[in-house]
Protein chains: 2
Amino acid sequence: MSLRSALLALLRIGPMSGYELAKQFSQSVGHVWHAPDSQIYPELRKMATEGLVVAEEQTRGTAGRRRVYHATEAGERAFLDWMNSPLKYQRTRDAAHLRAAYLESADQEAICDFLRGHIEHWQGELKVWEDEIATIEALESPMLNRRLAVTAEEDREVTIEYKKFAYEGLAARARSEIDWAQRGLKLSRRLERTAETASSRHTD
Amino acid sequence: MSLRSALLALLRIGPMSGYELAKQFSQSVGHVWHAPDSQIYPELRKMATEGLVVAEEQTRGTAGRRRVYHATEAGERAFLDWMNSPLKYQRTRDAAHLRAAYLESADQEAICDFLRGHIEHWQGELKVWEDEIATIEALESPMLNRRLAVTAEEDREVTIEYKKFAYEGLAARARSEIDWAQRGLKLSRRLERTAETASSRHTD
DNA sequence: TTCACCATGTAAGTTGTTACATGATTCC
DNA sequence: GGAATCATGTAACAACTTACATGGTGAA
């Protein structure tokens, strides 16, 4: 459902080909909801059969073809229905925290690698999201600008603010993860020392 | 892979039936990695065919049966391999933040419902994790106690500390989500006022 | 005897991953 | 002519969801 909503959200900006949509999923929206092309193309076809979008077949050059999708009124309604309906939360499934719970079974080196990897991963995400916020604030986000161009003047600030709000939440999460992993590194160093002390006490 | 690792982590405490494992997934481990019975039973069978666990068939009463699974050495090795190997991160797929990015398209009431729902959801999670931390600290976690019973004395503190560490990370995340949604509520009230001001200015 | 709990699944469908496959166009 | 990029997919598999289906045990 969310992939579909993300696609509809983009198509509300204007008609786009599967390729363009896939691009957006490796940039803007994709930073919130990732999807590979192999999922996007079939989903668009499915949405077309359900009348949420219509495909306009175009040719490029002599033999090139592209399918430009337009959101229909049913698609617009489906998007707004999703926006106004309660969000379904999935149960927690967090591999990093699962592993963290059993870190005593890992080698000291693996513990450091894991925590450092966690920090690196979330620093990467944080950078993406902070850059996105900066781009939005500088009014340099291509997609948002296209959206603003078809938005009534009095709704523009609201549109910008919510977009920033979304990315700020993600950034906050990233910071929290980095913070946690850093505390983990300290903890693992402390526990390593404790273990050494304990074993030396035993061998005294 | 993570479901498998979670199952193996539990089986390292001692032999358990699919039912018992499913119970744990609606309690302790399940607070980190959720899995329904319909996923656990088939996974255990698959792990049995791969030699990671062996099933010991037992009878209960006259006709009751149960399959008690033991982790094999290969299972133990698989778990440790997972613990010592780099963690794979999936790309972001966050429905709440996806929706937040397009909140200008939602009704004011839906915005509040969404943000309040988000707060409620994460407050629920937070309570679970904080309770879990308290239970661990009080040495009242049944599963952890069973694990500690088969753990060398000098490794007990480490085991406890990492378990707490894991839940603290989850709790931090929950707090960050609650915080974000609360800022969202304030933002939405501010933007609502702005919109009214703007429209009243127009209708003056 | 009834109810809570023990116990084990299947079946159908959706979503997501990874890898593969193909060909046109545009610009240098 | 070659490389980047435009453009669209398929196929196989893994993971997860939702709903259904069945029966035994143990205690009040």
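Some observations on this one:
- Summed side-chain charge close to residue A:192 - residues other than residue A:192 whose Cβ falls under 13 Å, Lys, Arg +1, Asp, Glu -1: -4
- Chain B, helix-only ellipticity at 222 nm - DSSP H runs n ≥ 4, -39,500 (n - 2.57), divided by all residues, nearest 500: -23000 deg cm²/dmol
- For region B:5-54, the Kirkwood hydrodynamic radius comes to 10.7 Å, computed from all pairs of different C-alpha atoms.
- Using alpha-carbon coordinates, inclination of helix B:73-84 to the longest axis of chain B, degrees: 30
- Sites residue A:145 and residue B:140 - FRET efficiency at Förster radius 51 Å, r taken between beta-carbons, to 0.05: 0.35
- Checking the cross-link pairs B:127/B:163; A:127/A:163; A:88/A:127; B:46/B:88; A:186/B:164; A:23/A:163 against a 24 Å limit on the alpha carbon distance flags A:88/A:127 as lying beyond it.
- Nearest 10 degrees, 0 to 90: helix B:153-203 Cα axis against chain B principal axis: 20
- Between identical copies, the spacing of residue A:74 label points, each set 7 Å from Cα toward the C-beta atom, reads 5.1 nm from nearest to farthest.
- Sorted from closest to farthest, the other copies place their residue B:179 label points 0.4 nm away, with each point set 7 Å from Cα along Cα→Cβ.
- Helix A:108-137 and the longest principal axis of the Cα set of chain A meet at an angle near 30°.
- Shielding of peptide B:164-177 by partners, expressed as the average count of other chain Cβ atoms within 10 Å per residue Cβ, is 6.
- Contact order normalised by residue count of region A:95-203, Cα under 8 Å, 6+ apart, percent: 41
- Inverse mean reciprocal Cα-Cα distance (Kirkwood Rh) of chain A, Å: 20.3
- The amide H of residue B:16, built 1.01 Å from its N in the peptide plane, has B:69 as neighbours under 5 Å, considering only residues 5 or more places off or on other chains.
- Inter-centroid distance (Cα atoms) of region A:89-140 relative to region B:1-29, Å: 25
- For residue A:93, the residues whose modelled amide H falls within less than 5 Å of its own, excluding neighbours fewer than 5 places apart on the same chain, are B:34.
- Shape category assigned to region B:91-188 from the gyration tensor of Cα positions, a/c cut at 1.5: prolate
- Charging the Cβ of each Asp and Glu at -1 and of each Lys and Arg at +1, and nothing else, the dipole of region B:1-101 about its Cα centre rounds to 300 debye.
- Axis between B and A by rotation; chain B residue with nearest Cβ and distance in whole Å recorded as B:176, 2.
- Residues whose amide H comes within less than 5 Å of that of residue A:66, counting only those at least five positions distant or on another chain, are A:58, A:59, A:60 (H built at 1.01 Å from N in the peptide plane).
- Computed magnitude of the charge dipole of chain B (debye, nearest 20; Cβ of K, R +1, Cβ of D, E -1): 440
- For the protein assembly as shown, the dipole from Cβ point charges (+1 on Lys and Arg, -1 on Asp and Glu) about the Cα centre works out to 820 debye, to the nearest 20.
- Couplings 3J(HN,Hα) for region B:36-49, derived from phi with the Karplus relation 6.51 cos²θ - 1.76 cosθ + 1.60 (θ = phi - 60°), are x, 3, 5, 9, 6, 4, x, 5, 4, 4, 5, 5, 5, 5 Hz, where x marks Gly and Pro.
- More than 38 angstrom apart: percent of Cα pairs within the protein assembly as shown: 34
- Here residue B:134 yields copy-to-copy label distances, from shortest upward, of 4.4 nm, the label point defined as 7 Å from Cα along Cα to C-beta.
- Since only B:59, B:15, A:117 are under comparison, the one whose Cα sits farthest along the positive direction of the charge dipole of the protein assembly as shown, derived from C-beta charges on Lys, Arg, Asp and Glu, is B:59.
Any read-out appearing in this document is the output of simple, stated calculations on the displayed coordinates, not a laboratory observation. Just so we're clear, the structure is a prediction, and the values are computed from it rather than from any experiment. Please note: Cβ atoms are built from the backbone with ideal geometry, for glycine as well, and neighbour counts cover all protein chains shown.
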